[in-house]
Amino acid sequence: MDKPRKDTLLLAAGVLGAFGAGLAAGRSIARAAGPGTTKEGLPRASLLDTLALGLEVFAPLVAQGVIIRRPPMVALAERLDLDRRAVQRMQKLRDKYGRGPLMLPLPIRQQAVVLDPGHAKRVLDESPEPFSPASTEKRAALAHFEPQGVLLSTGAQRSERRRFNEAALDTVNPMHRMAAGFLPLVEEEAAAMLAAARDKGSLDWDTWSQAWYRMFRRVVLGNSAADDHELQAMITRLRGAANWAGFHPTMRAKRERFLARIQEYLDRAEAGSLAGYMAHIPRNSTTEPRQQVPQWLFAFDAAVIASFRALALLDSHPQATGRVRAEIAERREMHPLPFLRATVLEALRLWPTTPMILRQSTARTHWEDGSMPAGTGVLIHAPFFHRDDTRLREANRFAPELWLDDSAARDWPLVPFSDGPVTCPGRNLVLMLSSAMLANVLDGRKLALAPGRRLDPARLPGTLDNYRLRFTVEE
């Protein structure tokens with residue numbers, strides 16, 4: 001067995017073993033043999049339901065990689081339909097326990113799972129107080145490469161860092177103020193990628209992702225970072241350690257080299273890059289710009305994965321492809337591409353790149369059936385709300401219209417970029433770059449999935465392994 005596959009299978013076994021051992025420990029588990037309520041009045045899951053939740057929801061997500069994906073485990077999840085099974089488990093819990101939030105009988109901490117769409121929207125709308133994004137799990141993971149990033153910050157530090165992130169990423173505008181400089185970079189990298197695909201005979205994940213990483217580095221840090229593969233290797237290694245959260249030692253020396261490398265680019269502040277743009281944004285002693293950039297490089301992975309899956313969706317939906325081609329033909333300079341953006345958002349809804357949205361309560365909160373203690377971890381399982389086929393008629397089909405009329409997203413927690421005050425500040429930048437890359441790739445050419453990989457439009461898969469997608473390219 002090859003080492004990566006062995007490592008990931010061992011990780012999955014370790015997650016299951018640790019979860020089972022944690023449940024078996026403590027007298028609280030003995031009292032939780034059956035379903036009930038907490039002393040505060042909220043429903044409490046039984047031991048068997050908690051174990052099933054761990055085996056069918058938590059463990060597969062952790063095994064696939066929360067911070068950076070493990071391709072062998074993504075392939076296994078697709079083969080065993082694990083993500084669809086996770087949604088089905090969440091549906092059973094909702095049907096059994098009602099609105100919730102559902103408290104889990106863990107001996108080591110208070111943990112709640114959100115089952116109701118109204119509760120999900122409340123948690124997101126009331127972040128960062130009293131539902132902080134700086135949860136214990138997130139601190140343990142992200143500290144490996146951005147210990148002073150905005151997601152791990154609180155109070156005045158968080159406010160300042162959030163302000164800086166929003167200013168640098170131009171959060172409120174569909175088209176970033178630097179779009180005139182960024183979009184030609186996308187065009188250049190798309191052309192180079194297509195040339196490589198022609199030489200190779202197909203467009204595969206490696207060709208696609210490497211072009212994206214070059215483009216990201218140029219956009220964020222400047223043209224001089226285009227071929228900085230060492231920087232990419234460092235963040236990949238640090239994110240790999242972050243997958244293990246607190247179970248992996250912090251590689252402080254590597255982290256410092258990585259942050260120092262980013263600082264070099266920020267000091268250079270190349271014109272036409274985010275590094276150059278943010279050099280003119282006011283800051284104070286708590287801003288820590290170099291600690292905000294790693295999150296951007298990390299989060300851009302969502303664009304790489306989602307846009308490749310978007311190509312697969314378009315391959316399986318000819319009518320949508322026709323609409324895309326019309327949009328490309330009619331596009332105007334510096335204007336959004338709404339249908340392509342909606343296609344990327346659909347890829348993120350159907351296969352969320354952030355399936356677990358984590359919060360931690362900073363104060364006691366009150367719900368219809370009881371109260372939740374301060375310090376409770378709160379989990380929103382995005383695939384449950386995105387793919388709940390008992391409540392959402394579009395659950396398992398391609399429905400870009402959801403995003404062209406945003407009333408649907410307001411009425412139901414469709415949260416590919418989270419939501420509320422803590423929503424991803426880079427949402428519009430990601431969608432701008434993703435739609436531009438897709439437009440450049442599809443303009444004047446036809447892409448088709450390799451035989452045996454085409455999707456069934458009537459029932460899209462619960463998991464889509466982006467690493468195994470391969471497209472033929474016809475000019």
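Among the candidates Leu104, Leu124, Leu80, the residue that is touching a Ser or Thr at 6+ places or on another chain (Cβ under 9 Å), closer than 20 Å to Phe384 by Cα and without any contact (Cβ under 8 Å) to a residue 24 or more places away in the chain is uniquely Leu80.
Among all positions in region 196-203, there is at least one residue which is buried (at least 21 other Cβ atoms within 10 Å of the Cβ) and assigned to a helix (DSSP H, G or I). Per the listing Arg454, Arg359, Arg387, the residue uniquely farther than 24 Å from Asp116 by Cα and touching a residue at least 60 places away in the same chain (Cβ under 8 Å) is Arg454. Looking only at residues in region 96-111 that are over 21 Å from Arg122 (Cβ atoms) and surrounded by fewer than 20 Cβ atoms within 10 Å (Cβ to Cβ), which one is modelled with the highest pLDDT? So, considering only residues that are over 21 Å from Arg122 (Cβ atoms) and surrounded by fewer than 20 Cβ atoms within 10 Å (Cβ to Cβ), the one modelled with the highest pLDDT is Lys96.
Strands (runs of 3 or more DSSP E) fully within region 345-450 that include at least 1 residues being modelled with pLDDT under 95, touching a His at 6+ places or on another chain (Cβ under 6 Å) and under 23 Å from Asn165 (Cα atoms): none found.
The numbered conditions (1) among the aliphatic types (A, V, I, L, M); (2) free of Cβ contacts under 8 Å to residues at least 60 places away in the same chain; (3) under 28 Å from Asn440 (Cβ atoms); (4) surrounded by 15 or more Cβ atoms within 10 Å (Cβ to Cβ) are all true for Leu183 except (2).
Checked across region 434-446, the condition of being over 15 Å from Ala342 (Cβ atoms), touching a Phe, Trp or Tyr at 6+ places or on another chain (Cβ under 7 Å) and surrounded by 17 or more Cβ atoms within 10 Å (Cβ to Cβ) holds for no residue. Applying the set (1) touching a residue at least 40 places away in the same chain (Cβ under 8 Å); (2) over 21 Å from the mean Cα position of the chain (by Cα) to Asp95 leaves exactly one unmet item: (1). Do we find that Asp315 is under 23 Å from Asp204 (Cβ atoms), modelled with pLDDT under 95 and not small (Gly, Ala, Ser) in this structure? No, not satisfied. Among the criteria (1) surrounded by 19 or more Cβ atoms within 10 Å (Cβ to Cβ); (2) in a helix (DSSP H, G or I); (3) modelled with pLDDT of 80 or more, the one Leu23 does not fulfil is (3). The residues listed here are Pro282, Pro318; of these, the one that is within 24 Å of Thr463 (Cα to Cα), free of Cβ contacts under 8 Å to residues at least 60 places away in the same chain and not basic (Lys, Arg) is Pro318.
Of all the numbered requirements in (1) farther than 15 Å from Ala439 by Cβ; (2) at pLDDT 95 or above; (3) of a type in the set (Phe, Trp, Tyr), Phe339 misses one, and that requirement is (1).
The values are calculated or read from the model by the stated rules, or taken from the named source; none is laboratory data. All values reported here derive from a predicted model rather than from experimental measurement. Methodologically, a virtual Cβ is constructed for each residue, glycine included, from the backbone with ideal geometry; neighbour enumeration extends over all protein chains shown.
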